[in-house]
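Here is the structure we will look at.
Laboratory data are not the source of any read-out in this text; all were calculated from the coordinates shown. Computed from a predicted model, the values in this text were never measured in an experiment. All Cβ positions, even for glycine, are placed from backbone atoms using ideal geometry, and neighbour counts span all protein chains on display.
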Amino acid sequence: MEKTENEKKPSAVSDVGAWAMNVTSSVGIIMANKQLMSTAGFGFSFATTLTGFHFALTALVGMVSNATGLSASKHVPLWELLWFSLVANISIAAMNFSLMLNSVGFYQISKLSMIPVVCVMEWVLHSKHYSREVKASVMVVVVGVGICTVTDVKVNAKGFICACTAVFSTSLQQISIGSLQKKYSIGSFELLSKTAPIQAVSLLIFGPFVDYFLSGRFITTYKMTYGAILCILLSCALAVFCNISQYLCIGRFSATSFQVLGHMKTVCVLTLGWLIFDSEMTFKNIAGMVLAVVGMVIYSWAVELEKQRKSKVTPHGKHSMTEDEIKLLKEGMEHMDLKDMELGNNKA
């Protein structure tokens, strides 16, 4: 019994570490990109190409890690990697188009809608069910973040289509990270090492054209300065940690938990924006943030309660047989049938 408790402690510590890395790197990269892209900063308005740089450095880190033996490369079919990379790249491009074509208020609403969309997709694809407490806590988080982020809401046909595409593709990408890791028994960093080169190449080829459509400028017309280069390198370094921690978190938790707890980053960004960039902080913002944090606390409690209920129903912690166990059982049954046939033939 003591052994299992000791085994659980490192797991809990590593879960907190993965989450802390994701929140810190995500907030850091938003701050770095704000400085890089704002007109008051370096005016680098090429978001899709910048994401290509992010994945290029991530791919390089993965290659070095594999070459030095720090991580092992496991087989994943190429078509699965290409499909996942396509979904991930559509998500990035659609998010950028949604931000360009929609008001900030509608863009925030579309991001909030990812939580219910992920829940529905996990229910459809993986037959996952949620307790009333979890559903209620999700609603509290959505309302809280909505209060503190949503301002004017203007909708147009093109913007609505882009927002729907962004929400669907991002939700599918996040669910796929977890399912691919389980399907091929592959670690988060190993999976990222395989998908990052494909995403880097495709984004660096098509990214400049997407950015031209968004900003009306090619990246070749941008005059690089040492400050901008340092800011790009900082953004890329933070992106490596952000990408790794995202895969780690979704591998350890679920896409829904990642979305719900991910709004902690929204709260952090708003607070840092107020402290560093002198952004306006109203009573509405503060009330929304408090409600969102309360919702996240309730969500954590609801998930833990759901786990306890399941453990009471199945005391040994085994809910159902895994695919591998079913496969082994089938093989065993076939082996037994063959033995019986051989014995029958010998008797005959």
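When Lys and Arg each count +1 and Asp and Glu each count -1, what net charge do the other residues less than 12 Å away from Leu180, Cβ to Cβ, add up to?
Numbers: positive: Lys74, Lys182, Lys183, Lys194; negative: Glu80, Glu190.
Summing Lys and Arg as +1 and Asp and Glu as -1 gives +2.
Which of the residue pairs Lys135/Lys183; Lys223/Lys284; Lys158/Lys194 have a Cα-Cα distance greater than 30 Å in the structure shown?
Numbers: Lys135/Lys183 27 Å; Lys223/Lys284 40 Å; Lys158/Lys194 33 Å.
Checking Cα-Cα distances, Lys223/Lys284; Lys158/Lys194 exceed 30 Å.
Couplings for region 212-227, taken from phi via the Karplus curve 6.51 cos²θ - 1.76 cosθ + 1.60 with θ = phi - 60°, read 5, 5, 6, 10, x, 9, 8, 4, 5, 7, 7, 8, 6, 10, 4, x Hz in order; Gly and Pro are left as x. Take the Cβ-Cβ distance between Trp301 and Lys128 as r, set R0 to 25 Å, and report the resulting FRET efficiency rounded to the nearest 0.05. It comes out at approximately 0.85. For region 47-58, putting each phi into the Karplus relation 6.51 cos²θ - 1.76 cosθ + 1.60 with θ = phi - 60° gives couplings of 5, 5, 5, 4, 5, x, 4, 4, 6, 5, 5, 4 Hz, in residue order, rounded to whole numbers and with x for Gly and Pro.
Scalar couplings 3J(HN,Hα) for region 24-41, obtained by applying the Karplus form with A = 6.51, B = -1.76, C = 1.60 to θ = phi - 60°, are 4, 5, 5, 5, x, 5, 5, 5, 5, 5, 5, 5, 5, 9, 5, 5, 6, x Hz; x denotes Gly and Pro.
Enumerate by residue number the trypsin sites (Lys or Arg not before Pro) in region 183-218 meeting two conditions: DSSP loop (anything except H, G, I, E, B), and at most 16 other Cβ atoms within 10 Å of the site's Cβ.
Values: sites: Lys183, Lys194, Arg217; in loops: Arg217.
Taking region 183-218 and a limit of 16 other Cβ atoms within 10 Å, the loop trypsin sites (Lys or Arg not before Pro) found are Arg217.
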